[in-house]
Protein chains: 2
Amino acid sequence: MEQTNDFSEKAKLIRKCCLISTTEAASGHPTSCLSAADITTVLFDKYFTYDITSPLNLFNDRFVLSKGHAAPLLYALFAVSGAFPVDELKSLRKFGSILQGHPVPKFKYSEAATGSLGQGLSVGAGLALLAKRENLPYKTYVLTGDGELAEGQIWEAANFASYHNLDNLIALLDINRFAQSGETMFGHHMEQYAKRFESFGFEVAVIDGHNYGEIDRALSDAVNNKTSRPYAIIAKTLKGKGVSFIENKDGWHGKALKKEELEKALKELGNVNDTLKFNLKKPSQQKAAVITATIEKANNDFDKMKEYATREVFGDVLVSTGKANKSIYALDADVKNSTFTEKFTKEIPERFVECFIAEQNMVSVAAGLSRLDKIPVVATFAAFLTRAADQIRMARVSEANIKFVGSHVGVSIGEDGPSQMGLEDIALFGALPHSVVLQPCDAVSTAKLVPEMIAHKGITYMRTLRPKTKIVYGNDEDFRIGGCGILRQSKEDVLTIAATGITVFEALKAADELKKENISVGVIDCYSIKPLDRKTIVQRVRETKKQMLVTVEDHFEHGGLGDFAEDALEGTGCTVVKMAVEKISQSGTMEELLKDAGIDFTSIIARVKSLTKIFTGAYHQN
Amino acid sequence: MEQTNDFSEKAKLIRKCCLISTTEAASGHPTSCLSAADITTVLFDKYFTYDITSPLNLFNDRFVLSKGHAAPLLYALFAVSGAFPVDELKSLRKFGSILQGHPVPKFKYSEAATGSLGQGLSVGAGLALLAKRENLPYKTYVLTGDGELAEGQIWEAANFASYHNLDNLIALLDINRFAQSGETMFGHHMEQYAKRFESFGFEVAVIDGHNYGEIDRALSDAVNNKTSRPYAIIAKTLKGKGVSFIENKDGWHGKALKKEELEKALKELGNVNDTLKFNLKKPSQQKAAVITATIEKANNDFDKMKEYATREVFGDVLVSTGKANKSIYALDADVKNSTFTEKFTKEIPERFVECFIAEQNMVSVAAGLSRLDKIPVVATFAAFLTRAADQIRMARVSEANIKFVGSHVGVSIGEDGPSQMGLEDIALFGALPHSVVLQPCDAVSTAKLVPEMIAHKGITYMRTLRPKTKIVYGNDEDFRIGGCGILRQSKEDVLTIAATGITVFEALKAADELKKENISVGVIDCYSIKPLDRKTIVQRVRETKKQMLVTVEDHFEHGGLGDFAEDALEGTGCTVVKMAVEKISQSGTMEELLKDAGIDFTSIIARVKSLTKIFTGAYHQN
């Protein structure tokens, strides 16, 4: 009883914090906080093990707020845990505050940026998997709303968690019946949630989320889970619980109380002891997460006479880099024999994560791994990375350190057709602030750039090619993020062609053919698409007669290399001519499709001739 | 017994077709076709109701191939249905053939482009919902693989189907145990699938997918489904069934037989009667899908003295347009009170589809509606449309006619913070070939552009604004896709500012302030971002002293208006200066965040002064 009373008083304080901070901000989601105040109070006061001075301590329990709009609750929980003075909660949603509308990394106790719903269970699954793989004792708790359980990613995460026997993962489902615009699909039909999570392999407890005894018992059972299954505590709650005029009422989502309403609400709550603190348990050990070693450069020797698929070289170098650095994890979505992470699976199975065909969960699991300083390398077809565009966006907001590798880019994949072609991936990754986008065209540059990519902190993306390609570089050449390779250069150049990936070979072929007709063009390999090597490119273009750069890429016209090149040359007086894919492609051979898209060597030759005003009847003028 | 033998012979023919066509193509997924040959043979021969001369007949049953890599099976089924000569199957995967590696609209019997897995059940749910809403008698069959059941979208679709009582939807699950790179999560543990689909509200039958009696019984039960639940026939099958050396063997995904292997396989199949045809049932009526009426222009009168949120004006005009045209459906993902499709819900509930928080399913449901000439208008926060980037990509490959509306764009949303800000949406939609991207800044242009958007065939995207904005246009002005509005123009202009959406008002304020200092700048409202009004913009910029265009947008720097403007001015000798969001934003007021992002009026003033070399100490030079 003593304990129960204590919970009640502390939950009151949490409620007060959430109400005051949102009213102060004049926006936010107080009712979504109140429904979960009781269950989180019991968690923090009795079960949560956490060194408040060291959020990245590997022995801390983890708390993921999947329902990111309940951020004021998260902030209140950590304030009452002693992380910072309760009074600071009044800076909620103010410019410059660490207490933003939805959690971001500035709030260092947040495991991930959330606010796009349905992602937290995957982040938690990543953290729980890490504890399993690295023999760490922590539990991972994920608080979700009920509206977000409609997101498919939740079920990807649920399958993933039970498949990987994540018995250290505890989902707290706050079933408060109302979503933003009305009742959820299932309202308070608790059995609908229970049977779904049971069928997906969870241990399930359905409780009254405002009954401290039931909460306590369920958390105790979950913490002492003796099965190999993840645990779901499905709590029937009331939105706005504790304040009569907003409790269990529709139309109160995302609305802060007005000053008068707040006064009325606080009167209802009654006396609250503002000095109460949660009894956070101390973890048994102290060891902060840190990346284990530096990244070594690859020293592969490639045979000039052979051809290699860059995707396969990536797979080889990932293994050697992964052996040298134990922070590296590889994740794949059932295409490991295409992306060549298969090699990693075989050699370093303890750090390979099979995610099956569920790309969204894969990316958020990676964000979870990255939180504790692992370096996740996430691979699938480039086209299917778009499946996780929102998770990639949120990983960027989370400042996650993830390496994305997309294979099978562009029309060059051939017969499989447009559904399998990554043609908007540069636009997607390129739009993210400070992201890095690489596309090596041969084995040498791939081998050198994979370690560079892994060593770079932040979101990086590498395109790899399906077909085998020739070697264009010497084994001793250097490559860097922000660099480029000059493959053809002469004082006679009328213009320069900037290519990347497969189109490098088309550009080289075109240059060689044009040479025979005494038309000299430069060729630059833009293996670093973002950042582009502005200085070198501008210099090269300025040295040509036409002061012109022709970009050729196996990507849609908008958002690709051409746009980065236009940026680079803007204001220099030089001209950019973009050659890119401008329609939906089809099945065919690589050669047919490159030509059909107007980015093969014959198209380049025709364009160059047209641009240099040397007309022949043989080519179509564009 | 007679019937059973018949199935067997026809299934043999289907198998032969799949084997021959893939060997002829030297690529493809024959084993994924063979596992589903028996169940689809019984379906087509005994249950499928279809007028082969009119694929868009509203009384046809629908067959969605969710496992798009089994395209050769789809083609064989329709060939043996008499759609085209069996011999044409040999053009599989050839350049120019309608029989591509994965189904696309060129194959007119395909309900959608598939090949990105896990989307077909949603497309089917859209078609089934349409039958319910419009009292059409057809059944919708969806053939899925087992690997793709790991995609969360499947479970979004499952919830959607049972919530909307789609008892006319029949999912055929081909559980052949192997995915691309190994065994699926559940192998042949049929109960794992059964309990999941049961818990999601499906009627379930688990059968041997190679036993014609069991298939027949299950299909009969499904067709005569007396419950209100959707039906799942979960068929235990063998990948490569019917050919001993590939049957039920790992390592045979996506591999065509070599010529010698094919011979051996055909010998195993034995005698096959190539002239067999399925007994397709004739539908009871003939009525082809067609868009019901033209789109009328909106005639709203807005009060110059008032402010309006463009998202709300969109909601109003959607209702009036929707009343005039019964082809229009509105779909929303639980934010209808933010996007203002709520108005449509209230006035035209029979054509509103609540999709709850499941954006992926929403987009593919819309693709299903679009297949039968409905005009789906899909609305949610712009940021959350990225959740469905892959479905949008596939909708484009499907040539679907969908209108996307994203609200809450940019940092201008204020306090909610970066997770809720749509800042890469122009990059995403802009990359798609021939897409249209609009962003009206005031009530008048919104009201005029909504009908234009709906009347335009193809993928269109409209950004709407969260805050209320002033009226800048007269009620009688005209707007068109590919147009722009000239808001400030004089012979004294040193340069022109191109703005869109919220930044139009910042640009106008900047222009007015600059005017006071005798610096005259033009202002163009790029309400049509793609296509951009190249002609007008070039002309305006050429008339300025600096021959310079400054673009200002509430979008990330890459992939937005600035890149389209660079394209437009490329080769003209004019210069583009891009002002856009270059970092992850935060919480704050709209004014604080616009300024913090460097796209508010003070930033514009500073940039213009810097560009025009009129330096003052007061502004930061960039």
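Only one residue in A:K226, A:K239 is closer than 23 Å to A:H29 by Cβ and of a type outside the set (S, T, N, Q). Which one?
Details: A:K226 fails: closer than 23 Å to A:H29 by Cβ.
Result: A:K239 is the single residue among A:K226, A:K239 that is closer than 23 Å to A:H29 by Cβ and of a type outside the set (S, T, N, Q).
Only one of the numbered conditions (1) within 14 Å of another protein chain (Cβ to nearest Cβ); (2) touching a helix residue (DSSP H, G or I) at 6+ places or on another chain (Cβ under 7 Å) is violated by A:S162, and that is (2).
Residues of region A:404-421 being of a type outside the set (D, E) and either surrounded by fewer than 24 Cβ atoms within 10 Å (Cβ to Cβ) or facing chain B (nearest Cβ under 10 Å) (or both), which ones? First the steps, then the outcome.
Taking region A:404-421 and keeping what is of a type outside the set (D, E), we get A:404-414, A:417-421.
Listed by number, the residues that qualify are A:I413, A:G414, A:G417, A:P418, A:S419, A:Q420, A:M421.
Scan region A:221-240 for residues that are part of a helix (DSSP H, G or I), in contact (Cβ under 8 Å) with a residue 40 or more places away in the chain and either more than 20 Å from A:L127 (Cα to Cα) or open to solvent by 30 Å² or more (accessible area, probe 1.4 Å) (or both) and jot them down. A:V223 - this is the single residue of region A:221-240 that is part of a helix (DSSP H, G or I), in contact (Cβ under 8 Å) with a residue 40 or more places away in the chain and either more than 20 Å from A:L127 (Cα to Cα) or open to solvent by 30 Å² or more (accessible area, probe 1.4 Å) (or both). Taking residues in region B:182-201 that are more than 7 Å from every other protein chain (Cβ to nearest Cβ), and partners anywhere that are in a helix (DSSP H, G or I) and open to solvent by 40 Å² or more (accessible area, probe 1.4 Å), the pairs with Cβ atoms closer than 6 Å and at least 6 places apart or on different chains are B:F186/B:Q192.
Results for (1) more than 24 Å from B:E151 (Cα to Cα); (2) of a type in the set (S, T, N, Q), shown as yes or no for each residue.
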{"position": "A:S199", "(1), (2)": "no, yes"}
{"position": "A:E203", "(1), (2)": "no, no"}
{"position": "A:D208", "(1), (2)": "yes, no"}
{"position": "A:G213", "(1), (2)": "yes, no"}
{"position": "A:R217", "(1), (2)": "yes, no"}
{"position": "A:V223", "(1), (2)": "yes, no"}
{"position": "A:K226", "(1), (2)": "yes, no"}
{"position": "A:A232", "(1), (2)": "no, no"}
{"position": "A:A235", "(1), (2)": "yes, no"}
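Residue by residue through region B:491-514, note down the ones that are closer than 13 Å to B:K609 by Cβ, touching a strand residue (DSSP E or B) at 6+ places or on another chain (Cβ under 9 Å) and either of a type in the set (D, E, K, R) or free of Cβ contacts under 8 Å to residues at least 40 places away in the same chain (or both). Scanning region B:491-514 gives a single hit, B:A511.
Can you find a residue in region B:568-581 that is in contact (Cβ under 8 Å) with a residue 24 or more places away in the chain, within 8 Å of chain A (Cβ to nearest Cβ) and over 17 Å from B:R534 (Cα atoms)? For region B:568-581, residues in contact (Cβ under 8 Å) with a residue 24 or more places away in the chain, within 8 Å of chain A (Cβ to nearest Cβ) and over 17 Å from B:R534 (Cα atoms): present. Here the condition is being charged (D, E, K, R), surrounded by fewer than 24 Cβ atoms within 10 Å (Cβ to Cβ) and out of contact with any strand residue (DSSP E or B) (no Cβ under 7 Å at 6 or more places or on another chain); of B:E151, B:E191, it holds for B:E191 alone.
Within region A:380-397, identify whether any single residue is among the hydroxyl-bearing types (S, T, Y) and crowded, with 24+ Cβ neighbours inside 10 Å, and answer yes or no. Within region A:380-397 (the criterion being among the hydroxyl-bearing types (S, T, Y) and crowded, with 24+ Cβ neighbours inside 10 Å), the answer is yes, since at least one residue qualifies.
Given the structure, is A:L92 farther than 18 Å from A:A395 by Cα, of a type outside the set (F, W, Y) and touching a Gly at 6+ places or on another chain (Cβ under 9 Å)?
Numbers: farther than 18 Å from A:A395 by Cα: yes; of a type outside the set (F, W, Y): yes; touching a Gly at 6+ places or on another chain (Cβ under 9 Å): yes.
Answer is yes for this residue.
If you go through region B:538-559 and pick out every residue that is crowded, with 24+ Cβ neighbours inside 10 Å and either more than 12 Å from B:A580 (Cβ to Cβ) or touching a Ser or Thr at 6+ places or on another chain (Cβ under 8 Å) (or both), you end up with 6. In region A:582-598, how many are within 10 Å of another protein chain (Cβ to nearest Cβ) and not in a helix (DSSP H, G or I)? Of the residues in region A:582-598, 8 are within 10 Å of another protein chain (Cβ to nearest Cβ) and not in a helix (DSSP H, G or I).
Could you tell me whether region B:497-520 includes any residue that is within 30 Å of B:K403 (Cβ to Cβ) and within 12 Å of chain A (Cβ to nearest Cβ)? Talk me through it step by step, then tell me what you get.
Quick first cut of region B:497-520, residues within 30 Å of B:K403 (Cβ to Cβ) only: B:497-508.
If we keep only those that are within 12 Å of chain A (Cβ to nearest Cβ) too, we end up with none.
No, that holds for no residue.
The test for being touching a residue at least 12 places away in the same chain (Cβ under 8 Å), within 14 Å of chain B (Cβ to nearest Cβ) and assigned to a helix (DSSP H, G or I) holds for A:V541. Considering each residue of region A:87-97, count those that are outside any helix (DSSP H, G or I), of a type in the set (G, A, S) and at negative phi, and give that number. The number of residues fulfilling the criteria is 1.
So which residues in region B:422-449 are away from every other protein chain (no Cβ under 14 Å) and closer than 25 Å to B:M394 by Cβ?
Of all residues in region B:422-449, those away from every other protein chain (no Cβ under 14 Å) come to B:438-449.
B:L438, B:Q439, listed by residue number.
A single entry from B:V317, B:V353, B:V377 fulfils the requirement of being over 24 Å from B:P440 (Cβ atoms) and crowded, with 21+ Cβ neighbours inside 10 Å: B:V353. Just one of the numbered conditions (1) open to solvent by 60 Å² or more (accessible area, probe 1.4 Å); (2) in contact with a Leu (Cβ under 9 Å, 6 or more places away or on another chain); (3) polar (S, T, N, Q); (4) modelled with pLDDT of 95 or more is not true of B:S244: (2).
Every residue, every condition in (1) open to solvent by 10 Å² or more (accessible area, probe 1.4 Å); (2) away from chain B (no Cβ under 14 Å); (3) assigned to a loop (DSSP other than H, G, I, E, B), yes or no:
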site: A:Q100; (1), (2), (3): no, no, yes
site: A:Y109; (1), (2), (3): yes, yes, yes
site: A:T114; (1), (2), (3): no, no, yes
site: A:L117; (1), (2), (3): yes, no, yes
site: A:V123; (1), (2), (3): no, no, no
site: A:P137; (1), (2), (3): yes, yes, yes
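So if I check each of A:G501, A:G474, which one is closer than 17 Å to A:S445 by Cβ, open to solvent by less than 30 Å² (accessible area, probe 1.4 Å), within 34 Å of the chain's Cα centre (by Cα) and modelled with pLDDT of 95 or more?
Values: A:G474 fails: within 34 Å of the chain's Cα centre (by Cα).
After ruling out the rest, the residue left standing is A:G501.
Within region A:551-566, the set of residues being under 26 Å from the mean Cα position of the chain (by Cα) and at the interface with chain B (Cβ under 7 Å from one of its Cβ atoms) comprises A:F556, A:H558, A:G559, A:D563.
Just give me the residues in region B:165-181 being open to solvent by 30 Å² or more (accessible area, probe 1.4 Å) and either facing chain A (nearest Cβ under 9 Å) or more than 30 Å from B:N135 (Cα to Cα) (or both), in sequence order. Once the filter is applied, which keeps residues that are open to solvent by 30 Å² or more (accessible area, probe 1.4 Å) and either facing chain A (nearest Cβ under 9 Å) or more than 30 Å from B:N135 (Cα to Cα) (or both), region B:165-181 yields B:R177, B:Q180.
The values are calculated or read from the model by the stated rules, or taken from the named source; none is laboratory data. Every value quoted in this text rests on a predicted model; they were computed, and no experiment measured them. All Cβ positions, even for glycine, are placed from backbone atoms using ideal geometry, and neighbour counts span all protein chains on display. Please note that ligands, DNA and RNA were not included when accessible areas were found on the heavy atoms of the full protein model with its side chains. Shrake-Rupley method; radii C 1.70, N 1.55, O 1.52, S 1.80 Å.
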